[in-house]
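S.K.: Here it is, the structure in full.
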Amino acid sequence: MYSLLGHDEGGEDPESMAMHELFRYIVTDGEEQFIGYLLPLSTGFEFITIGLDGSFVSRVPVQLSETQVLESGERDTANRSRARAHQNHPFCRSDTGGYR
């Protein structure tokens, strides 16, 4: 998979590189809409909300394990206070020397 990122196909993957699943939401609060991201951190997960203009809105810790976050029901329960019109599931790559 790392060959898509410019690394040699069949070569050894760098130990400091990892693929992370992100969960992206459209968040509706009354008449306002925001973009929300459920992001993995070294201490767990956080739900980050930004305005449609890119401004920071909020950052909320979410109590989920790495196994629970893979189940949509678990994610929905953990994020039940945030109304969602849509969600999707992109991936990102990090090369942080083992830290997220």
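S.K.: For region 1-19, enumerate the residues that are exposed (fewer than 13 other Cβ atoms within 10 Å of the Cβ) and either in a strand (DSSP E or B) or at pLDDT 80 or above (or both).
M.R.: Matches in region 1-19: M19 only.
S.K.: Now a separate question. Scan region 25-81 for residues that are assigned to a helix (DSSP H, G or I) and either at positive phi or loosely packed, with under 11 Cβ neighbours inside 10 Å (or both) and report the count.
M.R.: 1
The values are calculated or read from the model by the stated rules, or taken from the named source; none is laboratory data. Given the structure is predicted, the values throughout are model-derived calculations rather than measurements. Reconstructed Cβ throughout: ideal geometry from the backbone, glycine too, with neighbour counts over all protein chains shown.
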